[in-house]
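Below is one structure, written out as structure tokens; comments come after it.
The values are calculated or read from the model by the stated rules, or taken from the named source; none is laboratory data. Please read all numbers here as calculations on a predicted model, not as lab measurements. When we count neighbours, we look across all protein chains shown, and the Cβ atoms used for this are built from the backbone with ideal geometry, even at glycine. Calculation scope for accessible area: heavy atoms of the full protein, side chains included, ligands and nucleic acids excluded. Shrake-Rupley method; radii C 1.70, N 1.55, O 1.52, S 1.80 Å.
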Amino acid sequence: MSKYTIPLSKTISWDASAHGNALITGARGSGKTFFCFALMIGLATLPNNSSNLIGSGTLPTQFFIIDLKNADMGRLQHVLPKGRVATTKKAAVEVIDRFVDIMKKRADSIKNNAPFGSTARSLGMPMYYLIIDEFSATSAVFNETITKDDKSMKYRWFSALRQLSLEGRQQGTFMIIASQQASVTNSGLPSDIHEQFGLIAHLGPANKESYRLTFGNEIKIPREHIDVGEGLMWLEGQTDRGFLLPFCTPKFNPKTLQERVWLALDNQLDGRYLTMTTGNGD
Ligand SMILES: Nc1ncnc2c1ncn2[C@@H]1O[C@H](COP(=O)(O)OP(=O)(O)OP(=O)(O)O)[C@@H](O)[C@H]1O
Ligand SMILES: [Mg+2]
């Protein structure tokens, strides 16, 4: 198990630095945002000490958030450093540009200070994650172009997304995208970005058609009854033969979840983690 692995359920774990970009889909109220919080708790406290969701926190993943609904995720503006949480279109462009900038600075730092072939993973650097909640609604906002300014923001948004999905892995900079609709046409998720996900999860009850939109046509769908907080998962390297894994997300008490997330986000600092190395992360 690498330093970047977190448990997703009792039987499935995710090596985030190897299969970093994640797509989480499902109908309204299926548990997408709660699952994002579960991932955040695990990632923010890496490395994980085997069976527990909370790890020791010496390799804390740094988070940036876009939540145009300004709902549960948006609240993180009260705990994360300034400039990391966007709840408006203009701020979303600023946050994603800032995130791309971090990716580039990380790349320069690795190139200038580490031997040829080094990656954020081989150097044991903390990961950076951009979480975009309500992705389809967000893209719809960017696709509505009335003014010249709108057009330029749309261009910046989609080109940043593409750059992050194609170039992020080496630098340990990734995205988690939560969306009610995963299909390429309906969500504004370009197919080249869709191909870069290492983890795809569909939560809550759904019909065959929505599974096919999320996972593609080649996939075999198990006959399982799926409820809120449960789902089917595709994991790069583990489910490549077309089978999906049924799984349960960690259960939380909604009343204490915020406190758990905020505690896990204890080590969110600008600057320090961009160049910090801790020795081989494998
Ligand atoms: N893992 C979980 N543990 C406990 N309760 C959960 C869990 N997942 C979902 N729930 C319950 O279901 C509700 C909806 O979950 P959540 O807000 O994550 O759904 P969503 O898919 O993000 O919905 P929306 O599309 O409206 O944003 C939560 O408020 C909570 O009460
Ligand atoms: Mg949600």
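Tell me, please, whether a residue that is part of a helix (DSSP H, G or I) and surrounded by 16 or more Cβ atoms within 10 Å (Cβ to Cβ) can be found in segment 239-249. Checking segment 239-249: not a single residue is part of a helix (DSSP H, G or I) and surrounded by 16 or more Cβ atoms within 10 Å (Cβ to Cβ).
So, Arg162, is that one surrounded by fewer than 18 Cβ atoms within 10 Å (Cβ to Cβ), within 26 Å of Arg212 (Cα to Cα) and charged (D, E, K, R) or not?
Here the answer is yes, as Arg162 does meet what is asked.
Taking Gly31 and the conditions (1) on the phi > 0 side of the Ramachandran plot; (2) among the small types (Gly, Ala, Ser); (3) more than 16 Å from ligand 2 (Cβ to nearest atom), which numbered condition does it fall short on, given that it satisfies the others? Just one mismatch for Gly31, condition (3). Inside segment 183-209, residues that are within 19 Å of Glu224 (Cβ to Cβ) and either under 13 Å from the mean Cα position of the chain (by Cα) or touching a residue at least 12 places away in the same chain (Cβ under 8 Å) (or both) make up a count of 9. Tallying residues that are under 22 Å from Met40 (Cα atoms) and over 16 Å from the mean Cα position of the chain (by Cα) within segment 103-116 yields 1. Would you check if there is a residue in segment 6-17 being within 16 Å of ligand 2 (Cβ to nearest atom), modelled with pLDDT of 95 or more and either under 14 Å from Ile176 (Cα atoms) or among the hydrophobic types (A, V, I, L, M, F, W, C) (or both)? No: segment 6-17 contains no residue that is within 16 Å of ligand 2 (Cβ to nearest atom), modelled with pLDDT of 95 or more and either under 14 Å from Ile176 (Cα atoms) or among the hydrophobic types (A, V, I, L, M, F, W, C) (or both). How many of the residues making up segment 78-116 are outside any loop (DSSP other than H, G, I, E, B) and of a type outside the set (A, V, I, L, M)? The qualifying residues number 16.
Ser139 meets each of the listed conditions (1) closer than 26 Å to Lys104 by Cα; (2) out of contact with any Lys or Arg (no Cβ under 7 Å at 6 or more places or on another chain); (3) of a type outside the set (Phe, Trp, Tyr); (4) open to solvent by 10 Å² or more (accessible area, probe 1.4 Å) apart from (4). Applying the criterion of being within 14 Å of ligand 1 (Cβ to nearest atom) and not aliphatic (A, V, I, L, M) to the residues of segment 128-144, the residue that is nearest to the chain's Cα centre (by Cα) is Asp133.
When Phe197 is tested against (1) closer than 18 Å to Thr11 by Cα; (2) aromatic (Phe, Trp, Tyr); (3) out of contact with any Lys or Arg (no Cβ under 6 Å at 6 or more places or on another chain), only condition (1) is not met.
Residues to consider are Lys154, Lys148, Lys220; find the one that is more than 26 Å from Leu245 (Cα to Cα), surrounded by fewer than 14 Cβ atoms within 10 Å (Cβ to Cβ) and away from ligand 1 (no atom under 16 Å from the Cβ). Quick ask: steps written out before the conclusion?
Details: Lys154 fails: surrounded by fewer than 14 Cβ atoms within 10 Å (Cβ to Cβ); Lys220 fails: more than 26 Å from Leu245 (Cα to Cα).
Step by step, each of Lys154, Lys148, Lys220 is checked, and only Lys148 is more than 26 Å from Leu245 (Cα to Cα), surrounded by fewer than 14 Cβ atoms within 10 Å (Cβ to Cβ) and away from ligand 1 (no atom under 16 Å from the Cβ).
Residues Leu189, Leu232, Leu269: which one is out of contact with any Lys or Arg (no Cβ under 8 Å at 6 or more places or on another chain), buried (at least 18 other Cβ atoms within 10 Å of the Cβ) and assigned to a loop (DSSP other than H, G, I, E, B)? The unique qualifying residue is Leu189.
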